[in-house]
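So the structure is just underneath, and the comments pick up after that.
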Amino acid sequence: MNLIDAIIIAVIEGLTEYLPVSSTAHMIFTSSFLGIEKDEFVKMFQVSIQFGAILSVVVAYREKFFNLSNLKFYFKLAFAVIPALVLGYLFDDKIEAVLEKPIPIAIAMIIGGVVLLFIDKFFQNPIKIKDEHITYKNAITIGFWQCLAMMPGVSRSAASIIGGMHQKLDRKLAAEFSFFLAVPTMFAVTAYSIFLKDWKLPLGDKKGYEMILSNSGNITLFIAGNIIAFIVALIAIKTFVGILNKYGFKPFGWYRIIAGSLILFALT
């Protein structure tokens, strides 16, 4: 992977991480198009640049995120992230195996798109419009919904937002809670991929940080990828909320259907 490849993947990550379109699927197909999908460093890079996307939420919602007077909100996030941490750890190998099968991912994108076309009709009359209205039961239920995104192509953002609307949150609050929930979830996944996971290399297993620090080129790619993902995600978050408030989920549903169909057509 060269610097241009890294920039392209980082832009894709920043654009899609918080949109209900599946960032994982987009990065998988992008790396495949670039011919670098089988590189273990690339796989680790795709996960590690989520750190930049994490920081974009912290910056965009810094006043709310660092409101230490509302400690209950942090505890609710902690409850919500538990299902993903447990199930992600248990099924990491099976999830990675699915990443090598693009057709199921394309199908998941199409199915998710159909769901998004009708999701506003499924969950009408929300009654929870403020953070304090979210209960611990709501939070952990949304956390289980988020686990649907362990299947690449589903979208973590879509799953957690739909989970929020299922729990009677309005669209805006569901989207914001999804953003906040992404921080501990993605931080845990990123930390695991960098410091704990053994990546299979021809000359022996290595941790993610060992691959990053193995040469100056990898360090440059890692830093550049996170900076670009941060900047692009910051823009994408604000754009997404605006589109969501004005048009709902239909634009994203149609995009998923079209993109998934084109990918499926190209693969068959």
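Determine, from the Cβ-Cβ distance of residue 239 and residue 101 and an R0 of 51 Å, the FRET efficiency 1/(1 + (r/R0)^6), rounded to the nearest 0.05. Write down the numbers at each step before the final one.
Working: r = 31 Å, r/R0 = 0.61.
FRET efficiency, residue 239 to residue 101: 0.95.
For the range 79-226, with only Lys/Arg (+1) and Asp/Glu (-1) charged at the beta-carbon, what is the dipole magnitude about the Cα centre, in debye rounded to 20?
Working: 14 positive and 12 negative charges, 69 e Å.
It comes to approximately 340 debye.
If you average the sequence gap of Cα pairs under 8 Å that are 6 or more apart and divide by the length of the chain, what percent do you get for the contact order? It would help to have the intermediate numbers written out before the result.
Details: 391 pairs, mean separation 97.5, N = 268.
Normalised by residue count, the contact order of the chain is 36 percent.
Calculated FRET efficiency, residue 67 and residue 214, Cβ-Cβ r, R0 30 Å, to nearest 0.05? Numbers along the way, then the final one.
On the way: r = 41 Å, r/R0 = 1.35.
FRET efficiency, residue 67 to residue 214: 0.15.
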Of the DSSP H helices in the chain, the ones reaching 27 Å or more along their long axis in Cα terms and averaging at least 0.5 in Kyte-Doolittle hydropathy are 71-90, 102-122, 171-191, 216-247
Roughly what would the spin-label model give for residue 34 and residue 89, points 7 Å off Cα along C-beta, in nm?
3.2
Candidates 238, 64, 246: whichever shows maximal mean-square fluctuation once the chain is modelled as a Gaussian network with Cα springs under 10 Å:
246
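For the range 90-184, which trypsin sites (Lys or Arg not before Pro) are in a loop by DSSP, counting at most 11 other Cβ atoms within 10 Å? Mind showing how you got there, number by number?
Numbers: sites: 94, 121, 128, 130, 137, 156, 168, 171, 172; in loops: 130, 168.
Answer in residue order: 130.
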Prolate/oblate/rounded call for the range 163-234, Cα gyration tensor, a/c under 1.5 rounded:
oblate
In nanometres, what is the gap between the two model label sites at residue 203 and residue 261, each 7 Å from Cα along Cα-to-Cβ?
4.9
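Computed from the coordinates by the stated procedures, all read-outs in this text should not be read as laboratory data. As the structure is a computational prediction, the values presented were derived from the model and not from experiment. For neighbour counting, all protein chains shown are included, and Cβ atoms are generated from backbone atoms with ideal geometry for every residue, glycine included.
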